[in-house]
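The values are calculated or read from the model by the stated rules, or taken from the named source; none is laboratory data. These figures come from a predicted structure and were not determined experimentally. When we count neighbours, we look across all protein chains shown, and the Cβ atoms used for this are built from the backbone with ideal geometry, even at glycine. These area figures cover heavy atoms from the full protein model, side chains too; ligands, DNA and RNA do not enter into them. Shrake-Rupley method; radii C 1.70, N 1.55, O 1.52, S 1.80 Å.
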Amino acid sequence: MKTSGNTILLTGGGSGIGRELARRWHDAGNVVIVTGRTISSLQDTASGCEHIYARQLDVTDPDAIRAFATSIVEEFPALNVLVNNAGIMPLEDVSQPRDLARSEACVTTNLLGPIRMTDALLAHLKGQADAAIVNVSSGLAFVPLVRAAVYSATKAAVHSWSESLRFALDGAVEVIELAPPAVQTELTPGQSTREGYMPLEDFIDEVMSLFAQQPTPPLIGVGRLGFLRNAEIEGRYDQTFAMLNGPQH
Ligand SMILES: NC(=O)c1ccc[n+]([C@@H]2O[C@H](COP(=O)([O-])OP(=O)(O)OC[C@H]3O[C@@H](n4cnc5c(N)ncnc54)[C@H](OP(=O)(O)O)[C@@H]3O)[C@@H](O)[C@H]2O)c1
């Protein structure tokens with residue numbers, strides 16, 4: 001992926017990782033369109049940045065995605081990068097029957113959202129030079145957090161889907177997976193100040209240095225990701241699973 005001169009569409013750009021990526025990419029000389037459900041947050045992201053544009057889009061709405069894809073390509077014909085970043089992380093007890101509304105919203109947002117966004121923009125991206133898709137997965141794709149079982153499963157699916165997409169689009173669209181470890185954002189309540197989680201600025205600094213490498217690594221994984229990413233290949237999966245999830249009760 002080029003480091004400057006892109007026109008980037010980034011979902012979930014009103015807070016956290018998406019907001020900081022949008023600002024860094026903007027400052028590096030890219031046009032960035034940020035989307036999300038809350039227009040005021042998106043406008044905060046764009047504030048003071050001449051080439052960040054705020055547009056409302058709920059990625060759980062397939063009709064809205066189709067209509068948005070058509071209009072955004074008309075408005076920004078140079079669009080060449082899609083970043084599927086929007087996500088939610090419900091904590092839940094999967095050992096009990098429960099109202100599945102939040103689990104279902106998690107699958108729709110985290111998995112169907114990126115699949116639908118990609119499908120809606122694929123024909124356009126394939127016609128662009130230097131086209132790329134960045135899918136944001138998670139360290140929990142590699143070792144699940146039981147309290148966020150459905151979330152972890154969606155991220156494992158995003159990882160798997162990204163591997164297939166990279167192969168299928170080889171030579172036409174570069175497919176990059178960005179797998180954050182635990183980072184201080186408000187993805188779950190109170191997480192932005194939780195000790196032991198990676199400070200957002202440090203995370204973004206390391207991510208941007210990885211994006212600066214040419215060619216771009218297919219998996220953008222900061223050093224801290226290794227704890228989960230490499231657990232299986234380093235023969236410490238069970239131990240890592242137990243550390244993450246605590247003793248069984
Ligand atoms: N922080 C971490 O520890 C961590 C670790 C691994 C992976 N990740 C992943 O990183 C990505 C960004 O998360 P974050 O940590 O930056 O959390 P965040 O600050 O909560 O960002 C998530 C963004 O997604 C947007 N969003 C949620 N539902 C949406 C929908 N239906 N349509 C459109 N936008 C929607 C939210 O905006 P609105 O609510 O205004 O729509 C919000 O701006 C997520 O995919 C997350 O799973 C984060």
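Below, the figures for the structure above:
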{"read-out": "Kyte-Doolittle at least 0.5, axis length at least 15 Å by Cα - qualifying DSSP helices, the chain", "value": "200-211"}
{"read-out": "Computed [θ] at 222 nm, helices only, for the chain once each DSSP H run of length n ≥ 4 contributes -39500 (n - 2.57)", "value": "-12000 deg cm²/dmol"}
{"read-out": "Whole-Å distance, taken between Cα centres, linking region 164-235 and region 12-26", "value": "14 Å"}
{"read-out": "Protection proxy ranking, peptides 18-31, 157-170, 95-108, average beta carbon neighbours within 10 Å, highest first", "value": "18-31, 157-170, 95-108"}
{"read-out": "Probe 1.4 Å - accessible area at TYR53, Å² to nearest ten", "value": "70 Å²"}
{"read-out": "Extension gain (nm, one decimal) between GLU163 and THR3, 0.36 nm per residue minus Cα-Cα", "value": "55.4 nm"}
{"read-out": "Surface accessible to a 1.4 Å probe, MET243 within the full protein complex, Å²", "value": "130 Å²"}
{"read-out": "16 Å cut-off, amide nitrogen to a point 7 angstrom out along ALA129 Cα→Cβ, residues in region 170-198", "value": "172-174"}
{"read-out": "Prolate/oblate/rounded label for the chain (Cα gyration tensor, a/c 1.5)", "value": "prolate"}
